[in-house]
Amino acid sequence: TTKLDVPTVEKKVQDTNDSTGKTSGWQDSADYDIGDEIPYQITGSMPANIGDYKSYKYVFTDTMSKGLTFKTGSAKIMIGTTEVTGKFTENVTTNDDGSTVTWTCDDLKTAGVKLDSTTKVVVTYKATLNEKAVIGSAGNPNTVNLTYSNNPNKGGEGETGKTPDDKNIVFTYKAVVNKVDQDKKSLAGAGFTLQKKVNGAYTDVKSFTAGEATTFTFTGLDDGEYKLIE
């Protein structure tokens, strides 16, 4: 039996612009403020010969960079309109480089849903962009891969394969304000408040009181509409 037809996996993220209130579709990158919760989606497919298997192992492995904190309890796993979260075992490990979350089902054929070549297994979950987030173009990536049974002659036991990693990335930014006089020389004695338009109204993001400082840095910003008040 050919093993050339294998499952695939893809990882997507949604982007929300706080100023316009619009949320994107599922895509490969997004922008968020530090402290925001980020929605993610993982989609896994089936092999064409899924009917030949007596049992079928299915394991998602999601690796997050240190700027992302997985929200425990947020994961929901669906096959079509049927929730199968309880058929998977969730495991989270964390180290200095970030965290890894696995969702393991030893036998997807016991999920109570008929599996065929068009079946999709969809995981949605949330993570928080934390204070360790990388600022700027390097971004905060995470990757996912899928481990699956790949020998129908042995059911879901024994031989497995693994997909290539699929990657997406979340960005956050900073703004630096330099206070200068009419001659472009640094000028102390000013305070600033950065405001962001959220749901049609401006709200304070961060304030600096007047003092000797001449440079003010606002870090961990999402895209959106801002204004600076002196």
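Out of all the residues in region 46-59, is one or more over 18 Å from the mean Cα position of the chain (by Cα), surrounded by 15 or more Cβ atoms within 10 Å (Cβ to Cβ) and of a type in the set (K, R)?
yes
Among residues belonging to region 60-84 that are more than 30 Å from I135 (Cβ to Cβ) and of a type in the set (S, T, N, Q), point out the one that is surrounded by the most Cβ atoms within 10 Å (Cβ to Cβ).
T82
Hey, can you tell me all the residues within region 146-168 that are at pLDDT 90 or above and surrounded by fewer than 18 Cβ atoms within 10 Å (Cβ to Cβ)?
T160, G161, K162, P164, D165, K167
Are any residues in region 178-206 among the acidic types (D, E) and open to solvent by less than 50 Å² (accessible area, probe 1.4 Å), and if so, which ones? Quick ask: steps written out before the conclusion?
Our first condition is that a residue be among the acidic types (D, E); within region 178-206, this holds for 181, 183, 204.
D181, the sole residue that qualifies.
Select from region 207-230 the residues that are in a strand (DSSP E or B), at pLDDT 90 or above, open to solvent by 70 Å² or more (accessible area, probe 1.4 Å) and under 17 Å from S19 (Cα atoms) and list them in ascending order.
Correct list: K227 only.
Could you pull out every one of the strands (runs of 3 or more DSSP E) wholly within region 104-194 that has 2 or more residues that are more than 25 Å from K71 (Cα to Cα), free of Cβ contacts under 8 Å to residues at least 60 places away in the same chain and aliphatic (A, V, I, L, M)?
Result: 173-178.
What are the residues in region 69-96 that are within 15 Å of the chain's Cα centre (by Cα) and hydroxyl-bearing (S, T, Y), if any?
The answer is T69, T72, S74.
In this structure, is V122 β-branched (V, I, T), surrounded by fewer than 17 Cβ atoms within 10 Å (Cβ to Cβ) and under 23 Å from E90 (Cβ atoms)?
So V122 passes the test.
Please enumerate the residues belonging to region 73-100 that are under 13 Å from V122 (Cα atoms) and not basic (K, R).
The answer is A75, I77, M78, I79, G80, T81, T82, E83, V84, T85, F88.
The values are calculated or read from the model by the stated rules, or taken from the named source; none is laboratory data. Bear in mind that the values here come from a model prediction, so they are computed numbers and not experimental data. Don't worry about glycine lacking a Cβ; one is built from the backbone with ideal geometry, like all the others, and counts go over all protein chains shown. When the accessible area is computed, the model is the full protein with side chains, heavy atoms only, and any ligands, DNA or RNA have been set aside. Shrake-Rupley method; radii C 1.70, N 1.55, O 1.52, S 1.80 Å.
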